[in-house]
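**Student:** One structure coming up, written as structure tokens, with questions to follow.
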Amino acid sequence: MTSDLGAKAPKYQRIADEVRREIKDGIYRPGERLPAEAALLERFRLIFPGLSLQTLRNAIGVLRGEGLVEARHGVGTFVAQSRRLQRRSRFRYGRARNDHQLLTSHLRHEITEVGRVAPPERIVLLAALDPDTQMLVRRRTLFDRETGKPQELGASYLPLSFAEGSLLEAPEVVPKALFLCMEDLSGKRYAHARDHWYWRMPSTAEAEALQIAPSRGVLHLVHVARAADHTLLEVSESVWPADCVEIIDEYELPERSEDLRGLSDV
């Protein structure tokens, strides 16, 4: 038995490390049931004499908090399915223009709030808005159609000059991609976008809505989209469990240094 934390780590953490390693090595595969508590207790008592059932449950709780395993009431504990959401930021608009079936993918959209609000400070700063600006907000939760589990929390902040009095004020899923609706309403085309990515811990409300442990990190994206004349068309934000997202950023490589104007290394 090995542990990255060493022999001084708590027993429950060392047990969690071992089972985690076995999951990653494929000994236990996605959808497969872990051995029963009695079997695990017998196994780990060979290493930790006198190990209590509660300590073992604490170890499994760590893995459950990380999203690696899930408990099914009256059945047992299973390795979680590892399907990840793929986010292709640079090509999302082109794909949506060409594929009008995107809204009927494996995710089910649910609109949870529509209304006029003063955007939070992070939106005001990133979009360079006046502090007293009012916008239309559309909040949503996306669920996996197969499992019914929440996958994403999102919100879109839209200028009232375009969205006021439109179908976007109805608390319903729109018939096509939101940006296509905004292009119709504004008469402008999305031409420039800036993505701001953050890794952070979830708020209590986010952890409850995503059905994750408060100790499980999330990815937070703020996406600012403008027209060619720099008119703001949308500010959207999305929150995902960090270990459930794969970010794919595909792009052409510049040949000359002048092509890098305005860019800097991180």
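**Student:** Let me cross-check residue 188: its accessible surface, 1.4 Å probe, with only protein heavy atoms counted, in Å² to the nearest 10?
**Tutor:** 60 Å²
**Student:** With a ≥ b ≥ c the root eigenvalues of the C-alpha gyration tensor of the range 161-231, is it rounded (a/c under 1.5), prolate (a/b larger than b/c) or oblate?
**Tutor:** Oblate.
**Student:** If you don't mind, there's one more thing I want to ask. Report, ordered by chain and residue number, the aspartates and glutamates lying within cross-link reach of residue 149, taken as a straight Cα distance under 16 Å and ignoring same-chain residues fewer than 8 apart.
**Tutor:** Output for residue 149: 66, 70, 110, 206, 208, 243.
**Student:** Continuing with the same structure: Work out how much length residue 143 to residue 192 would gain on full extension: take 0.36 nm times their residue separation and subtract the Cα-Cα distance, in nm to one decimal.
**Tutor:** Roughly 14.8 nm would be gained on extension.
**Student:** Residues of the range 98-244: accessible area per residue at 1.4 Å, in Å²?
**Tutor:** 51 Å²
**Student:** Toward the positive end of the charge dipole of the range 199-253, about the Cα centre and with charges on Cβ (Lys, Arg +1; Asp, Glu -1), which of 244, 231, 199 goes farthest?
**Tutor:** Among 244, 231, 199, the one farthest towards the positive end of the dipole of the range 199-253 is 199.
**Student:** Can you figure out the FRET efficiency of residue 180 with residue 213, using R₀ = 45 Å and their beta-carbon distance, to the nearest 0.05?
**Tutor:** Using R0 = 45 Å, I get an efficiency of 0.75.
**Student:** Straight-line reach from residue 188: which lysines have a Cα under 29 Å away, not including same-chain ones fewer than 8 places off?
**Tutor:** Candidates past the 8-residue exclusion: 176.
**Student:** Continuing with the same structure: Out of the total accessible area of the range 108-178 (probe 1.4 Å, heavy atoms of protein only), what percent is carbon and sulfur?
**Tutor:** 49 percent
**Student:** Which whole-number percentage describes the relative contact order of the range 116-266, with Cα contacts under 8 Å and a sequence gap of 6 or more?
**Tutor:** Across the range 116-266, relative contact order equals 21 percent.
The values are calculated or read from the model by the stated rules, or taken from the named source; none is laboratory data. These numbers come from a predicted model, not from an experiment. All Cβ positions, glycine included, derive from the backbone under ideal geometry; neighbour counts span all protein chains shown. The protein model used for the area step is the full one, side chains on, heavy atoms only, and it has no ligands, DNA or RNA in it. Shrake-Rupley method; radii C 1.70, N 1.55, O 1.52, S 1.80 Å.
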